[in-house]
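Data first, discussion second: the structure below is written as structure tokens.
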Amino acid sequence: MTPELTALGTLVALQIALGLATSAIVSTRTGSAYILSSREDPADLDSGFVGRMHRARINCFEGLIYFTPAVLVVVLGDAATQGTAVAAWIFVAARVGFVFCYALDLVPWRSIVWMIGIAAIAYMLGVALL
């Protein structure tokens with residue numbers, strides 16, 4: 001398996017862990033009945049630490065939407081290099097850093113770490129497409 005695919009698999013595993021952790025955190029505000037329900041009645045997830053964790057989780061799904069095709073273009077296009085491998089792992093590290101910065105409300109670091117991740121994806125695509 002290429003390092004880029006390993007990074008993608010790791011990121012998916014981290015996303016699952018983040019989902020479980022976020023559910024546990026949300027249940028501290030809403031109670032376990034909400035977590036177990038069909039969630040037809042929306043909970044207040046917009047403020048404080050709970051809200052930030054909820055939004056970070058959603059943003060990480062968006063990150064997967066960008067990262068997955070980049071990895072596929074690199075790997076299936078036979079364009080994997082040491083640089084794309086490093087960029088893939090930089091993206092994974094940036095996602096972890098992003099969640100911590102978001103959870104702790106570290107402004108402007110959350111945005112800076114997000115931009116580092118996007119730059120890593122741009123590098124990967126640049127190598128593959130150029």
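The values are calculated or read from the model by the stated rules, or taken from the named source; none is laboratory data. None of these values were measured; they are calculated from a predicted model. Using ideal geometry, Cβ is built from the backbone for each residue, glycine included, and neighbour counts are taken over all protein chains shown. Ligands, DNA and RNA are excluded from the accessible area calculation, which covers all protein heavy atoms including side chains. Shrake-Rupley method; radii C 1.70, N 1.55, O 1.52, S 1.80 Å.
Give me the angle, in degrees from 0 to 90, between the Cα long axis of helix 48-76 and the longest principal axis of the Cα atoms of the chain, rounded to the nearest 10. The angle comes out near 20 degrees. The order of F100, F49 by accessible area, most exposed first and with a 1.4 Å probe, is F100, F49. Each peptide among 101-107, 83-89 gets the average number of other Cβ atoms lying within 10 Å of its residues, and from highest to lowest they stand as 83-89, 101-107. Put simply, when 10-17, 110-117, 33-40 are sorted by average Cβ atoms within 10 angstrom per residue, most first, you get 110-117, 10-17, 33-40. Normalised Debye scattering of region 19-105 at q = 0.13 Å⁻¹ gives log10 I(q)/I(0) of -0.55, counting only Cα atoms as equal scatterers and leaving out solvent.
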